[in-house]
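Novice: My questions will all concern the structure given below.
Bear in mind that the values in this text are calculations on the coordinates, not laboratory data. Only a predicted model underlies this, so the values are computations on that prediction, with no experimental measurement involved. Because the Cβ atoms are built from the backbone with ideal geometry, glycine has one as well, and the counts that use them run over all protein chains shown.
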Amino acid sequence: MQNSRRDSRQGSGRSSGQPSETAAVRVRGLRKRYGAPRTGYKDAVAGLDLDVAHGEIVAVLGPNGAGKTTTVEILEGFRDRDGGEVAVLGEDPRRAGRGWRARIGVVMQDSRDMSELTVLEKVRATAAAYPDPRDAEEVVAAVGLEQKARARTRGLSGGQRRRLDVALGIVGRPELLFLDEPTTGFDPQARRSFWDLVTSLRDDGTTILLTTHYLDEAAQLADRVVVVRDGVVVAEGTPGTLGGPEARTPVVTWEQDGVRRSERTDRPTALVARLIAAAGPDGEVPGLTVTRPTLEDVYLSLIGESEDDGTGPRTDQDDDTAGGAPAGTEAA
Amino acid sequence: MSTATNSPATGTAAAARGRTPARRLPGTLWLGLVRGGVELREYVRERDSIIFGFAYPIVMLAIFATVFGDDDPIAVDGTSVSFAQYFLPGMVATGIMLSTYQTLAISIAVERDDGSLKRLRATPLPPASYFLGKVVLSLTTVLVQTALLLAVAALLFDVPLPDDPARWATFAWVFVLGTATGAVCGVAYSSVPRSGRSASAVVVTPLLVLQFTSGVFFSVSQLPDWMIDLSSLFPLKWIAQGMRSVFLPDAFAVAEPSGAWQAGTTAAVLAVWLIVALVVGTRTFRWRRHDDG
C-alpha cells in the first residue's frame, strides 16, 4: 500500500510561491521556547518548517522532547508561538475561530477523562457542536467500541479510552486530523484495526498529521515522514526514501579469521560472489549476512542514537526490529 | 466511514471543503442547552455530588430538627420559633453555595485536570455554551434542592412558610443574586486547586469553615465579634442573613449583629462579589492544566 503515493514532497526546500490554499498546513521558521529568566530558556522548537498537502498523511517522528507535541499544539491553537509563520487550513491558529475548529479534529495525547457519560452519549454530545458531523453510532462502530457503546466511559480500559479519543476526534468530519501518538497502549490487533480506520479516513479525503514513536506505524500509514530532533526537521521523505539512497545502502557482513568484517555496497551480490571465491574449498563464508537498513536503522542514525551509523556490528542483530519504541527516549 | 460523496476520482476532500460552508454552526444557546443536559446527566450519576452537594442541607435540616426538635423554642423579645424554622434559612443559604460554588469549582477543576476542558476547547463549542451548561446545572440543582428543603421543612417539621408576597420577593432576589454570585465564585475559584485530586478538599474546606462562622449552624449572637466581622467579608453570611429575613419573624432582626436585616448591605456585598469574581474569573480562566505550558 505504500506504492502509488502521489508525489507530495513539495515540502522539501522552500517552495513558498504557492497559494496557501493548496497546503493544509504550512509552517515556516516556527520557534517556541520554554523557561523563565531564573531557570534559563530551552528552545522546544527552533526554526521548524513543515508542509502538509491536502489529502496527505504526514507522520512526524522524533524522540521524546524533540518538539513534536509542542509543534502540534501550536498548530491546533493551544499554544502561542514565539516566532515563525503558521497557516493551518489557510488560517493562523492564534486567531482562528469556531468555523476553523469545525474543520479540524484533534486527538490529544493526555486525556484521561473519567466521565459518567456512556461512550455513545459522549460522542453524540461532541458531535452536537459541529455543523456536519458523522453519525455517532457509526463512529463508535468504526473505532471498534460498539460493544461498549452503552458503557460508562469511566469503566473503559486504557486502549478503549484511546479509541474513544479517536472517535471524538473524527466525529466532526474534520478535513484535517491531528493524531498525537494515537496508538500508545494499543495491543497489536487494535493497532491493525486503527490503521485500517486511518486508511479509510484517508480514502474519505481527510488530511492527517500524525506523531508517533512507532516506525512501523509511520511506514504503514504515512505518505511522508518528517523526522524532528531538537526542535528542527532533520530529514523528510517517503518511508521508502527517508535519509536518501546513501542510508539505504545494503551492508554485507562476514567473519574473516575470527574477526567480524562489514562493508557497505550497492552491489552486494558481487561482493558475496567475491567472498565465496575467496573462501575455502567448501565455498562457505562464515557468518555471512546481507542487510538493507530498515526504516528504524535510518531513523536511529538520523536522531543520533546509533553510534556506528548503521554500518557496524549493529547490522548483525536480528531482523525483528519493527514496532519497538526508539532506544534512549528520555522522559519529556 | 459514511459519506454522501462517492467517486473517489473527484477527491472527497474538495467535496468536504465545499460542503462545510453550506451547513451552519449550531447556535450558542442551543449548544448551551445541550451542555446543560450533559452536565445534569453526569451530576445525577455521580454519587458523591448527590450525597455531599444535593442531599447535604436536607439531611442536616432533618437531623438537627429531629435532635433539637423537642428543646425549648428559640425566642427573641417574646417571639419564638421552632428549632427547624430557625435552622431553615441557614440550610437554604448553604444549599445555594453547595449547588453553585462547590459544584462548579470542583467539577471545573476536575475537568481541567483530566483534559476534558482542553478537549472541549479543540471543538467548535463556544466558551459561552460551556458556561451556559454550568448555569443550567447550577440553576436546576439549586431550584430542586431548595424546593425539597422547603417541602421537608413545611411538611415534616411544621415550619410555617411565609404568606406575605413581599417576603417571597425578598426570597427571590436573595436567591437569584446568591445563586449568580455563588456560580461565578465557583468558576473563579476552580483555578485555585492545583490538581483534580485535591479539588474537593481545597473547595469544600473554606465553605465548611464559613458555615460555622457565618451563623449557619450557630446563632450569630453566639459568635465572637471578630469572627462575625471576618465572615461578613464573604457571601455566605449575607445569603444566610437575607434568608433569615424571609423565614424568621421580624422581631428576630434585633438578634442580627447590626440589629437589622440590612437588605441593602446584603445586595451590595453580593453584587461586589459577583462583579469581582466575574472579572477575576474571566482573566484567570484556563482551559489547560497548571503544568501544561
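Novice: Counting pairs of alpha carbon atoms under 8 Å apart in space and at least six apart in sequence, what relative contact order in percent does region B:57-189 give?
Specialist: Relative contact order of region B:57-189: 37 percent.
Novice: Cα axis of helix B:263-284 to longest principal axis of chain B: angle in degrees, 0 to 90, nearest 10?
Specialist: Helix B:263-284 and the main axis of chain B meet at about 30 degrees.
Novice: Find, among the chymotrypsin sites (Phe, Trp or Tyr not before Pro) in region B:239-275, those assigned to loop by DSSP (not H, G, I, E, B) with at most 11 other beta-carbon atoms within 10 angstrom.
Specialist: Hits after loop and neighbour filter: nothing returned.
Novice: Which net charge results when you count Lys and Arg as +1 and Asp and Glu as -1 among the other residues whose beta-carbon is under 15 Å from that of B:Y189?
Specialist: +3
Novice: Whole number please: convex hull volume per residue of the Cα set in the protein assembly as shown, in Å³?
Specialist: Cα convex hull per residue, to the nearest whole number: 205 Å³.
Novice: Once you sort the root eigenvalues of the Cα gyration tensor of region B:163-231 as a ≥ b ≥ c, which label holds: rounded (a/c under 1.5), prolate (a/b larger than b/c) or oblate (the other case)?
Specialist: Because a/c hits 1.5 or more and a/b fails to exceed b/c, region B:163-231 counts as oblate.
Novice: Under 5 Å between amide H atoms, partner at least 5 residues away or on a different chain: which partners does A:Q256 have, H built in plane at 1.01 Å?
Specialist: When sequence neighbours closer than 5 places are left aside, the close amide H contacts are A:R261.
Novice: A follow-up question, please. Could you work out the relative contact order of chain B? I mean the mean sequence separation of Cα pairs under 8 Å and 6+ apart, divided by the number of residues, in percent.
Specialist: Reported relative contact order: 25 percent.
Novice: Also, quick follow-up: Please identify the GluC sites (Glu not before Pro) of region A:189-275 that satisfy two criteria: DSSP loop assignment and at most 12 other Cβ atoms within 10 Å. Which are they?
Specialist: none
Novice: Shape call for region A:114-173 from the C-alpha gyration tensor, a ≥ b ≥ c root eigenvalues: rounded (a/c under 1.5), prolate (a/b greater than b/c) or oblate?
Specialist: Here region A:114-173 falls in the prolate category.
Novice: Related question: Determine which residues of region B:76-100 fall in the zone a paramagnetic label at B:S221 would reach in this model, i.e. backbone nitrogen under 18 Å from the point 7 Å along Cα→Cβ.
Specialist: So the set is B:76-90.
Novice: State, as an integer percentage, the relative contact order of region A:114-173 based on alpha-carbon contacts under 8 Å between residues 6 or more apart.
Specialist: After rounding, I find 51 percent.
Novice: Based on the alpha-carbon set only, what is the convex hull volume of chain B divided per residue, in Å³?
Specialist: Hull volume normalised by residue count: 169 Å³.
Novice: What is the calculated FRET efficiency for A:E284 to A:E246, with r their C-beta to C-beta distance and R₀ = 35 Å, to the nearest 0.05?
Specialist: Calculated value: 0.65.
Novice: Spin-label point model (7 Å from Cα, Cβ direction): what's the A:R28 to B:I63 distance in nm?
Specialist: 6.8
Novice: If you take the square roots of the eigenvalues of the alpha-carbon gyration tensor of region B:234-293 and sort them as a ≥ b ≥ c, do you get rounded (a/c under 1.5), prolate (a/b over b/c) or oblate?
Specialist: prolate
Novice: How high is the FRET efficiency from A:D135 to A:D43, r the C-beta distance, R0 41 Å, rounded to 0.05?
Specialist: Efficiency, rounded to the nearest 0.05: 0.40.
Novice: Along region B:245-254, what does the Karplus equation 6.51 cos²θ - 1.76 cosθ + 1.60 (θ = phi - 60°) give for ³J(HN,Hα), rounded to whole Hz, x for Gly and Pro?
Specialist: Each residue of region B:245-254 in turn: 5, 8, 9, 10, x, 4, 4, 6, 4, 5 Hz.
Novice: Continuing with this model, one more query. Note down the nm distance, to one decimal, between modelled labels 7 Å out along Cα→Cβ at B:L148 and at A:D82.
Specialist: If labels sit at B:L148 and A:D82, their model points lie 5.3 nm apart.
Novice: At what distance in angstrom do the alpha carbon centres of region A:275-291 and region A:59-107 lie from each other?
Specialist: Region A:275-291 and region A:59-107 have Cα centres separated by 54 Å.
Novice: How would A:V198, A:V119 line up from fewest to most surrounding beta-carbon atoms within 10 angstrom?
Specialist: A:V198, A:V119
Novice: Calculate, for B:R197 and A:Q256, the FRET efficiency according to 1/(1 + (r/R0)^6) with r their C-beta to C-beta distance and R0 60 Å; round to the nearest 0.05.
Specialist: Using R0 = 60 Å, I get an efficiency of 0.45.
Novice: Can you pull the one-decimal nm distance between simple spin-label points at A:E146 and B:L278, each 7 Å off the Cα toward Cβ?
Specialist: 5.0
Novice: Among A:I303, B:I239, A:I74, B:I58, which comes first, second and so on when ranked by fewest other beta-carbon atoms within 10 Å?
Specialist: B:I58, A:I303, A:I74, B:I239
Novice: Within 10 Å of each candidate Cβ there may be at most 14 other Cβ atoms; applying that plus a DSSP loop requirement, which trypsin sites (Lys or Arg not before Pro) in region B:202-293 survive?
Specialist: B:R286
Novice: Based on the Cα coordinates of region A:69-157, what is the per residue volume of their convex hull in Å³?
Specialist: Convex hull of Cα atoms, per residue: 115 Å³.
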